[in-house]
Amino acid sequence: MTASPWQGRALGTRTVSWTARDAILYALAVGAPADRLDLVYEERLRVLPTFALTLAQWAPDALGALGAFDTTTAVHGSQRLVVHRPLEPDGELTATARVSRVWDKGSAAVFDVEVDCAHFTATWSLFAPGAGGFGGARGPAAPRRPDHVAEHTATAATHSRQAALYRLLGDRHAMHIDPRAAKAAGVPRPFLHGLCTLAASLLPLAGRLGAHPADLVELDARFAAPVFPGDRLDVRGWDATEGDQTPGGAAVLFEASTGDRRVLTGGRARFAPAATALEETPDA
């Protein structure tokens, strides 16, 4: 097997800061209702862990800027997140990024961009047409869908302005706002950011599990098809195996669909026990 010359490439270190206003805008952008005061009101705010991904969006963008792939056709293939400690309502962090792996899919490559800091470790998998064929390993197979009826079901409504709102949080790729850019990427019209779809799906799913969405500690999912602003998300969850469970917490395998199209697949989320979060966030 031949490794890509991009594998192991350092992408730099960056210090970023945020305020409660940023965290509240994020919660609203991914579908938190206005009466969910623990997510949208600074006096009792708990920051959604997936907000961390907006603070590290610079890393996959930096790889694209170096010329590793065509940024007009590359798409977000999957996302992983491991939470080390909760984000405060206002704060600052320093993160370091690198290309951890490059997988050879033949006509395309998948670049794993890992961002690491004291609060979290996050990995973007970017599917890049035309960048494969270098003789590398193909990478792990997609996880299998459970073969029994889901124990948990939920729905999430997206709205027509959601992609335009979410892009203000840092991911301003044109395909989410400009019809011409979307068509160049092979999509008929502007579509919702995959990370927005993912966070929007987790909000009602956490409720079905009896977990608080801010108690998320691990997340993994693949983006299978685009979601268009205004689509309804149908989320299905399967209780994870006993070995995946946190004592007193909850772990679930999940997927999301809109109509007859699966848009999130191979999902896995784990939530910490509520008492742990309360100890770390006294005002929750």
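Observations on the model:
- Amide N of the range 1-36 lying under 12 Å from the label point, which is placed 7 angstrom from the Cα of THR94 along Cα→Cβ: 13-16
- The range 122-140 and the range 160-186: distance between their alpha carbon centers, rounded to Å: 23
- For the chain, a Gaussian network of Cα nodes joined below 10 Å ranks GLY31, GLY266, GLY186 by mean-square fluctuation, and the top entry is GLY186.
- For the range 91-185: rounded, prolate or oblate by the Cα gyration tensor [a/c cutoff 1.5]: rounded
- Rounded to 10°, Cα long-axis angle of helix 194-209 versus longest principal axis of the chain: 30
- Net +/- balance of residues flanking ARG167 in space, Cβ distance below 12 Å, scoring K and R +1, D and E -1: 0
- In nm, spacing of pseudo-spin labels at MET1 and LEU168 (7 Å Cα→C-beta vector): 4.4
- Cβ-based net charge around GLY8, under 13 Å, with every Lys or Arg adding one and every Asp or Glu removing one: +1
- Note on ALA225 and ASP260: the extension gain reaches 11.5 nm, defined as 0.36 nm multiplied by sequence separation minus the Cα-Cα distance.
- Rg over Rh, two decimals, the range 1-151 (C-alpha only, Kirkwood Rh): 1.04
- The modelled label-to-label distance for the pair THR73/ALA157, using points 7 Å beyond Cα in the direction of Cβ, is 3.9 nm.
Every number here is computed from the coordinates shown, using simple stated rules; none is lab data. As the structure is a computational prediction, the values presented were derived from the model and not from experiment. Heads up, the Cβs are rebuilt from the backbone with ideal geometry, glycines too, and the neighbour counts pull from every protein chain shown.
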